[in-house]
Amino acid sequence: MSIQINSNDGKSIYLGADIIDSFSANLRGELLNAKHPKYGQARQVWNGMINKSPALIACCTGATDVVTVVTFARDHNLLLSVKGGGHNIAGSAVCDGGLTLDLSAMNGVLVDVKNRTVQVQSGALLGDIDHETQRFGLAVPTGINSTTGIAGLALGGGYGWLSRAFGHTVDNILSADIVTANGEFLHLSEQENIDLFWAIRGGSGNFGVVTNFTFKLHSVGPTILSGPVIFPITQAKQVLQQYTRLARELPDQASCWFVIRQAPAFPFLDEIHHGETVLILAMSYVGDIEAGEKALAPLRALGQPLADAVGPCPYKGWQAAFDPLLAAGARNYWKSSDFTDISEQVIDILLAASSNLPSNECEIFIAQLGGAASRVPSDAMAYPHRSTAYTMNIHGRWQSPALDDEAIAWVRELFNQVEIFSTGSVYVNFVPENGEIRKIGPYGANKARLEKIKGKVDPSNLFHTNINIAPKLN
């Protein structure tokens, strides 16, 4: 049976049954079409706004399958997308009418305790990594949601509670294996294929399909000091004015992010406050608990909190603490901005926007970065945003399609108000769609070099369904 499928240049073509059967026979994993019972689940991604239907989904079980799929896509000039954890806000993991390469079955994690490294296949989720590494009191700096896929996170940058202490995820990549657009399998490191190794560390998925990473491990936990402190919104301006001063003085081991949203039904928060708009300071300290208590005490003393749940906590638990607020299937639309400081003007704008949140799941969160991550040269790898002290994500999240216009408009309006105070750069994993106009953008001053490398390894732009880097061919 022939199949209609979209090409890489936007045309619709037909592939005969003999071609499809031969392709399927060369895979160890399954090849799914729309009639396969596993197809519906395989095409789903985290963001419920995304509803794309690939013509075929190739479920890879190892690097050889990846080579087979990439080669097939190249030989037939097919539209190709790559799915790891499927958590990306833009939904670039799947493509309409094309071929999706699914890495989710490739989720192995192998810890080398002696050398303090871990090998991670690219279909693994953050929770998979924490499960294996925390057995030995070790961790990779990753994100804050355990269901996020490691590949997209790491290739775009990756930041979380450990960034200030140990750098971003991208700073801890020691080596990687990749399948390039011509089907070649390469090992990348500071000693091998140096340009391409530079490019994948922040260049997102533009250069091929990474099948395996080797990460540096750090001593973390298994218990850390962490938790949220919740303030009424009436105290938010005063608290945030003091927060910006205290945050600059925190040691690298400490991180404090803030969130403005309607209070979830936290068990430690009196139920009379559930659903009220609040300010949440989410904080952690990696290291000695007593030292952490001292470092975080000034932040916990701001204002008169409604609840303070900071205390010793399993690191794995803290990594998954916000999973219930980020479950798959909701409709999501984000806009993000980077800042070197949070001014009083920005605070006023954020608080004004919090008075008309479109749903009880919408939130404004600002992550505190800096520390070790800021001391890496901006051209040491493709990820360039080393002066970013804070990243803001305007997180529109809701359940009903009837709220789409209102929620998206709220996100965009707030973004337009605060972007003029930003650096003009943006974290690529928080870009919801191609074509955003920014002063600096996701790749910054490194974009020109990335375009030249792209021109060498992927001149036909096979890997383009992401926030794309166009190949420069001369």
Take the residues in the range 411-427 that are of a type in the set (A, V, I, L, M) and touching a Ser or Thr at 6+ places or on another chain (Cβ under 7 Å); name whichever of them is farthest from G158 (Cα to Cα).
V418
Which is under 24 Å from the mean Cα position of the chain (by Cα), at pLDDT 95 or above and among the aliphatic types (A, V, I, L, M), of A407, A352?
A407
Set G152, G227, G167: member being surrounded by 24 or more Cβ atoms within 10 Å (Cβ to Cβ) and at pLDDT 95 or above:
G152
Residue check for L414: of a type in the set (A, V, I, L, M, F, W, C), more than 18 Å from A389 (Cβ to Cβ) and touching a strand residue (DSSP E or B) at 6+ places or on another chain (Cβ under 9 Å)
yes
Can you tell me which residue in the range 419-462 is farthest from H168 (Cα to Cα), limited to those that are more than 22 Å from the chain's Cα centre (by Cα) and assigned by TED's automatic domain parsing to the domain that holds F339?
I420
Going through the range 111-137 one residue at a time, which ones are under 30 Å from S24 (Cβ atoms) and either assigned by TED's automatic domain parsing to the domain that holds E30 or part of a helix (DSSP H, G or I) (or both)?
D128
Determine the pairs where a residue that is closer than 14 Å to P54 by Cβ, located within the range 4-21, has a partner that is loosely packed, with under 10 Cβ neighbours inside 10 Å with Cβ atoms under 6 Å apart, the partner being 6 or more residues away or on another chain.
Q4/Y14
For the range 193-200, does any single residue satisfy the condition of being without any contact (Cβ under 8 Å) to a residue 24 or more places away in the chain, surrounded by fewer than 17 Cβ atoms within 10 Å (Cβ to Cβ) and assigned by TED's automatic domain parsing to the domain that holds V120?
yes
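For residues in the range 415-445 being of a type in the set (S, T, N, Q) and buried (at least 21 other Cβ atoms within 10 Å of the Cβ), which is farthest from A382 (Cα to Cα)?
For the range 415-445, the residue satisfying everything is S422.
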Being over 23 Å from the mean Cα position of the chain (by Cα) and among the charged types (D, E, K, R) is the filter here, so list the residues in the range 51-69 that pass it.
D65
Scope the range 411-457; condition touching a residue at least 40 places away in the same chain (Cβ under 8 Å), touching a Pro at 6+ places or on another chain (Cβ under 7 Å) and in a helix (DSSP H, G or I); matching residues
V428, G444, A445, N446, K454
Count - residues of the range 458-474 that are among the hydroxyl-bearing types (S, T, Y) and either in contact with a helix residue (DSSP H, G or I) (Cβ under 8 Å, 6 or more places away or on another chain) or assigned to a helix (DSSP H, G or I) (or both)
1
Counting only residues that are in contact with a Gly (Cβ under 8 Å, 6 or more places away or on another chain) and surrounded by fewer than 19 Cβ atoms within 10 Å (Cβ to Cβ), how many does the range 63-93 have?
2
Against the condition touching an Asp or Glu at 6+ places or on another chain (Cβ under 6 Å) and either within 30 Å of A55 (Cβ to Cβ) or of a type in the set (F, W, Y) (or both), how does A181 come out, does it pass?
yes
Are any residues in the range 338-363 of a type in the set (S, T, N, Q), part of a helix (DSSP H, G or I) and surrounded by fewer than 16 Cβ atoms within 10 Å (Cβ to Cβ), and if so, which ones?
Q345, S355, N356
Quick check on this structure: which one of L126, L110, L80 is farther than 23 Å from V220 by Cβ and either more than 19 Å from the chain's Cα centre (by Cα) or in contact (Cβ under 8 Å) with a residue 12 or more places away in the chain (or both)?
L80
With the requirement that a residue be surrounded by fewer than 19 Cβ atoms within 10 Å (Cβ to Cβ) and either more than 27 Å from the chain's Cα centre (by Cα) or under 21 Å from S2 (Cβ atoms) (or both), what does the range 32-50 give you?
N33, A34, K35, H36, P37, Y39
Among the residues that make up the range 3-20, is at least one of them among the hydroxyl-bearing types (S, T, Y), assigned to a helix (DSSP H, G or I), surrounded by fewer than 17 Cβ atoms within 10 Å (Cβ to Cβ) and touching a strand residue (DSSP E or B) at 6+ places or on another chain (Cβ under 7 Å)?
no
Determine the pairs where a residue that is part of a loop (DSSP other than H, G, I, E, B), located within the range 167-186, has a partner that is crowded, with 21+ Cβ neighbours inside 10 Å and hydroxyl-bearing (S, T, Y) with Cβ atoms under 8 Å apart, the partner being 6 or more residues away or on another chain.
H168/Y159; H168/Y383
Can you go through D405, D379 and tell me which one is under 25 Å from I467 (Cα atoms) and either assigned by TED's automatic domain parsing to the domain that holds E190 or out of contact with any helix residue (DSSP H, G or I) (no Cβ under 9 Å at 6 or more places or on another chain) (or both)?
D405
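The values are calculated or read from the model by the stated rules, or taken from the named source; none is laboratory data. Here the structure is a predicted model, which means the values were calculated and not measured. Every residue, glycine as well, gets a Cβ built from its backbone with ideal geometry; the counts of neighbours run over all protein chains shown.
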